[in-house]
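Below is one structure, written out as structure tokens; the observations come after it.
Every read-out reported here was derived from the displayed coordinates using simple, explicitly stated rules and does not represent laboratory data. Keep in mind that what you see is a predicted model, and the values were worked out from it rather than measured. No Cβ is skipped: glycine too gets one built from the backbone with ideal geometry, and neighbour counts run over all protein chains shown.
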Amino acid sequence: MKTELKAKFLQHLLKKKPQDQGFTLIELLVVIIIIGILSAIALPSFLNQTAKARQSEARTNVGAMNRAQQAYYLENQAFAATNVSDLGLGLSNSDNYTYSVGSLTSGVANKAKSANADLKGYAGGVFNVSGNTQAILCETTGAGNGTIPDPSNHSACGTDLKRMN
């Protein structure tokens, strides 16, 4: 009887039943729920990264405009306060930002106004302080494509702006 029991046991183990294969409905639901939770966590973070990437374009370009203004002042003893092309950067407006320069009392403002209400604006300033040029880079406190205030001076941003450097 022992050998008969062993044979039956081996037959049972080796026998493949079609209903014993695949996943149960519970297992599939658990996997779907886990994927849903992970995507709900990751999607907002991913969407925020695209705005940050677009904003880095403006930050970089306004920083370049600040440095070009300092070089322009060194060569001409005046700031390029009327046209961005005077800086020689080859910088043009993009799908995300419009760039401009404007005269200030003791310096010049370089601005990147967002074309998209979801992006922040940027203002840079270069000031003549005791014969030296000092630069500042500011970011608007909220997103939007409204008017960007001028930096107050070489060490402080204006209202609705926060200092970046």
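Can you put Ser100, Ser45, Ser85 in order, fewest other beta carbons within 10 Å first?
In increasing order of surrounding Cβ atoms, one gets Ser45, Ser85, Ser100.
Taking only DSSP H segments of four or more residues, each worth -39500 (n - 2.57), what value at 222 nm results for the chain once the sum is divided by all its residues, to the nearest 500 deg cm²/dmol?
Here the helix-only value at 222 nm equals -14500 deg cm²/dmol.
Once you have the Cα-Cα distance between Leu38 and Leu25, take 0.36 nm times their residue separation minus that, and quote the gain in nm to one decimal.
2.7 nm
Please order Leu25, Leu119 by the number of other Cβ within 10 Å, starting at the fewest.
Ascending Cβ contact count within 10 Å gives the list Leu25, Leu119.
For the chain, find the longest principal axis of its Cα atoms and tell me its angle to the long axis of helix 2-14, 0 to 90°, nearest 10.
30
Once you keep just the Cα pairs under 8 angstrom separated by 6 or more residues, what percentage relative contact order results for the range 41-163?
19
Straight-line reach from Lys15: which lysines fall under 18 Å, measuring Cα to Cα and dropping same-chain residues less than 8 apart?
Lys6
Among Phe79, Gln49, Asn145, flag the residue with its Cα farthest along the positive direction of the charge dipole of the range 41-163, charges on Cβ as +1 for Lys/Arg and -1 for Asp/Glu.
Gln49
Three principal axis extents, largest first, for the C-alpha atoms of the chain, in Å?
Computed over the chain, the largest-to-smallest principal extents equal 109, 28, 27 Å.
Suppose each label sits 7 Å from its Cα in the direction of the beta carbon; what would the Thr98-Gln70 distance come out to in nanometres?
About 2.9 nm, to one decimal.
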